[in-house]
Structures are given as structure tokens and as C-alpha cells.
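The values are calculated or read from the model by the stated rules, or taken from the named source; none is laboratory data. In this text the structure is predicted, and so the values were computed from the model without any measurement. Quick reminder, even Gly has a Cβ in these numbers, built from the backbone with ideal geometry, and neighbours come from all protein chains shown.
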Amino acid sequence: MNRRNFAVVTVLLAMLFTSAARAHDPAEHAAEAAAPDCRALGDAVNGPMDRNDPVIQAMMKQCGEAADRSHGHDGESPDHHAAGSGHSSEQDVKAQ
Amino acid sequence: MIGRSGKAAAVIQSVIAVGAIGTGYLYSGVYPVGADVPHTRPVLWLLQTLRERSIERASRDIVVPPLDDPKLLLSGGADYNDMCAGCHLKPGRQDSDLSIGLYPRPPDLAARVEVPDGRQDDDMQTARRRFWVIKHGIKASGMPAWGRTHDDQRIWAMVAFLRRLPDLTPLQYQILTTKI
């Protein structure tokens with residue numbers, strides 16, 4: 001019986017420690033939900049804004065997804081933080 | 001008058017003497033290795049030259065992919081905030097415990113650096129250099145080799161984010177780096 005308990009504890013500890021190995025998995029980031037402060041986007045909209053600027057496009061995408069989430073339309077998982085998981089359009093970047 | 005064999009002997013003796021002095025200094029433990037004491041100028045020059053030449057040689061053939069995709073900024077921004085901002089700072093932050101305590105001091109990547117002429121070429125070389133440094137790290141500097149745990153695509157995303165980082169306001173930074 002003691003041996004069985006020891007095995008259970010060992011397995012649980014192993015699971016606890018191995019979970020740390022995924023700390024940099026992009027999927028881990030998704031669990032840490034936070035809201036972007038989109039006031040800067042509002043300021044940009046009110047002022048001169050270059051919609052072709054990748055920074056503006058990225059901010060609009062981020063704030064759009066945050067708004068969708070806050071309205072409960074979060075059926076799809078965001079893909080932009082999973083760029084390293086091989087599901088994005090930048091998949092063809094070759095190894096250096 | 002010293003003959004040819006005499007000159008050769010003198011050179012050999014000099015080399016042996018310098019080697020002996022250097023070895024003695026090495027083993028004496030006199031040189032300070034604490035991060036709160038800067039290197040002497042010759043040692044600093046030696047290490048910096050070694051580092052820069054090595055990175056330049058190793059990164060020169062890296063092919064830089066397009067870095068203007070907004071998705072790259074979001075992916076790279078989140079990773080930068082997690083992995084880099086503590087040492088390399090972010091908009092609105094002038095220093096941190098790590099940036100102050102590390103030696104050599106990590107470069108402030110949120111600071112604007114003026115590039116004189118040939119901006120495009122410098123951009124490409126900077127991108128190659130940054131990719132290589134992020135992927136492989138730098139020995140004895142506190143810079144880890146992120147390539148062991150992050151694939152090339154995620155590293156390029158960080159490079160893409162770094163290109164725009166000095167232009168960002170603190171609010172823009174917050175938006176781009178928030179994980180949703």
C-alpha cells in the first residue's frame with residue numbers, strides 16, 4: 001500500500017515538474033487572458049492613421065479580437081500567438 | 001652582433017616569458033570577475049571584437065524573410081514581453097534591476113538608434129544579427145540561446161517586433177504585447 005501511495009505521489013510530482021517544460025508553448029499564453037488597453041487605437045483613429053502600417057493593423061486586429069471576446073464571440077482560438085506552432089501564413093520561413 | 005640563431009632564441013625566450021607571465025596571472029585569481037567591476041579596456045576591446053566579428057561572420061548568410069506581417073508583431077510582441085523586456089526594457093521604462101545589474105549591460109532595445117545612411121542595408125544586417133543572437137545567445141553575457149526552445153518562426157517574429165519597438169508608445173506596446 002505504501003509503495004502504491006509512493007508511486008502516486010511520484011507520478012503527481014513528475015506531472016507537476018514536466019508541466020514547467022511547456023512554459024514557452026504559445027498555447028500557455030492563451031490561458032493568461034488579459035485585455036489590451038485600446039485607448040491608443042482610439043487616439044490613432046481620431047488622428048492621422050496609416051492603415052497600411054503593420055503596427056496599426058496589428059493593433060486593430062488585437063483590439064478587434066479583444067472586443068469579440070468581451071462580447072462572447074470567442075468561439076475560435078486566436079491564431080496570432082500561435083505563429084510558432086506551424087499554423088500561420090509564415091510557415092514557409094526556412095530554418096537558418 | 002647577434003646571429004640568426006641568437007635572434008631566434010631571444011624570440012623563443014620572449015614568447016615563453018610572456019606565456020609564463022600570462023599563465024601566472026590567469027591562475028593567480030587577481031582579475032576581478034564580479035559583474036559590478038567593469039573589464040579593463042584591453043579585455044573589453046578583446047571581448048567586444050571577438051563577439052562582433054563572430055556574430056558578423058556567423059550571421060552573414062542568413063536569409064531574412066518578410067517581416068511586415070501584423071501577425072508577426074503580435075506573436076513577437078507577446079514573446080518579447082515575456083522573455084526580453086526584463087533586461088532589454090520597453091517603452092516608458094528606462095532601467096530595471098536586471099538591466100542595471102547585468103554586465104555587460106543589455107542594450108535598451110526600446111531606445112531609438114539613429115541610422116545614418118544606407119538604412120535598408122543596415123536594417124537587413126540588423127535583422128540577421130538579431131535573429132542569430134536570439135537563436136544562439138552569447139556566452140557569458142546573460143543572453144540565452146532561445147533557439148533551443150523556440151523555432152525559427154517565433155524568433156523571426158521577435159525580430160519583426162524589435163524593428164518597430166523603438167517607435168511604439170507605452171500604450172501601443174501594451175496592446176501589441178497583451179496575450180488574449
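List the pairs whose first member sits in the range A:30-57 and is aliphatic (A, V, I, L, M), whose second member is assigned to a helix (DSSP H, G or I) and at pLDDT below 70, and whose Cβ atoms are under 9 Å apart, counting only residues at least 6 apart or on separate chains?
A:30/A:81; A:30/A:82; A:56/A:44
Can you run down the residue pairs with Cβ atoms below 6 Å, 6 or more apart or on separate chains, where the first is in the range A:58-71 and over 18 Å from residue B:165 (Cβ atoms) and the partner is part of a helix (DSSP H, G or I) and among the hydrophobic types (A, V, I, L, M, F, W, C)?
These pairs meet every condition: A:63/A:41.
Within the range B:165-180, does at least one residue satisfy the condition of being away from every other protein chain (no Cβ under 11 Å) and at negative phi?
There is at least one residue in the range B:165-180 that is away from every other protein chain (no Cβ under 11 Å) and at negative phi.
Just for the range B:62-102: of the residues that are among the small types (Gly, Ala, Ser) and part of a helix (DSSP H, G or I), which one is surrounded by the fewest Cβ atoms within 10 Å (Cβ to Cβ)?
It comes out as B:101.
Considering only the range B:76-100, state which residues are touching a Phe, Trp or Tyr at 6+ places or on another chain (Cβ under 8 Å) and of a type in the set (Ser, Thr, Tyr).
B:80
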